[in-house]
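Undergrad: Here it is, the structure, as structure tokens.
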Amino acid sequence: ELLRNGLEIIDFRIPKMILPFIFLIFSAGFYIFVSMFGYKFWEFDIKENEIELKRGIFTKIVTTVPFNRIQHIDLRQSLIERMFDLSSIYIFTAGTKGSDLSIPGLPKYYSESLKDYLKNYIKDDIV
């Protein structure tokens, strides 16, 4: 406490040890915000011959994968997804690495039916 002209001035110096904790709390809050509201900025559309995925909170990204480029399809479930009967579908394509798709948080029955639909389309396209 300092006295200057009869007024009390309080010294607000933040110890250097507290700054990492403030950063950690801010980072955790930002991560929780993005996790909770990020799903609202994901949408995909299955068109006649392609899948289109739009995503991004700050930067909008649109990825389009033609069915005839699909090589391989995976379904994955993390521990949390299993608790809520959800799964993620991963679509691998012929071409560059950036053209692969992953759609997380789908109901398990829907991702299984989407995988079956795409597999049938791929089989029909090969034959």
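Undergrad: State whether the residues of the stretch 47-62 include one that is touching a residue at least 40 places away in the same chain (Cβ under 8 Å) and not hydrophobic (A, V, I, L, M, F, W, C).
TA: The answer is no; no qualifying residue exists.
Undergrad: Something else now. Within the stretch 54-90, track down each residue that is of a type in the set (Gly, Ala, Ser) and under 16 Å from Trp42 (Cβ atoms).
TA: Selection gives Gly56, Ser87, Ser88.
Undergrad: Of everything in the stretch 66-78 that's open to solvent by 40 Å² or more (accessible area, probe 1.4 Å) and of a type outside the set (D, E, K, R), which residue is nearest to Glu52 (Cα to Cα)?
TA: Pro66
Undergrad: A follow-up question, please. Give just the number: which of (1) of a type in the set (D, E, K, R); (2) in contact with a strand residue (DSSP E or B) (Cβ under 8 Å, 6 or more places away or on another chain); (3) at pLDDT 85 or above does Lys47 not satisfy?
TA: Result: Lys47 fails condition (2) only.
Undergrad: What number goes with the only condition from (1) modelled with pLDDT of 90 or more; (2) assigned to a loop (DSSP other than H, G, I, E, B); (3) acidic (Asp, Glu) that Glu52 does not pass?
TA: Tallying (1) modelled with pLDDT of 90 or more; (2) assigned to a loop (DSSP other than H, G, I, E, B); (3) acidic (Asp, Glu), Glu52 fails exactly one: (2).
Undergrad: Let me ask something additional. Does Glu81 qualify as being acidic (Asp, Glu), open to solvent by less than 70 Å² (accessible area, probe 1.4 Å) and free of Cβ contacts under 8 Å to residues at least 40 places away in the same chain?
TA: yes
Undergrad: I'm told Lys97 meets every condition in (1) under 19 Å from the mean Cα position of the chain (by Cα); (2) at pLDDT 85 or above; (3) of a type outside the set (Ser, Thr, Tyr) except one. Can you identify the failing condition by its number?
TA: (2) is the only condition that Lys97 fails.
Undergrad: If you check every pair at least six apart or on different chains, which have Cβ atoms under 9 Å apart with a residue in the stretch 29-44 that is without any contact (Cβ under 8 Å) to a residue 24 or more places away in the chain first and a residue that is open to solvent by 80 Å² or more (accessible area, probe 1.4 Å) and charged (D, E, K, R) second?
TA: Matching pairs, first to second residue: Phe41/Lys54; Phe41/Lys60; Glu43/Lys54.
Undergrad: Right, another one. How many of the residues making up the stretch 51-98 are in contact with a helix residue (DSSP H, G or I) (Cβ under 6 Å, 6 or more places away or on another chain) and among the acidic types (Asp, Glu)?
TA: 1
Undergrad: Can you tell me how many residues in the stretch 45-63 are out of contact with any Pro (no Cβ under 9 Å at 6 or more places or on another chain), open to solvent by 60 Å² or more (accessible area, probe 1.4 Å) and not charged (D, E, K, R)?
TA: Total meeting the criteria: 4.
The values are calculated or read from the model by the stated rules, or taken from the named source; none is laboratory data. What you see is a predicted model, and the numbers here were worked out from it, not measured in a lab. Cβ atoms come from the backbone with ideal geometry, glycine included; neighbour counts cover every protein chain shown. Just the protein is used for accessible areas: all its heavy atoms, side chains included, with ligands, DNA and RNA removed. Shrake-Rupley method; radii C 1.70, N 1.55, O 1.52, S 1.80 Å.
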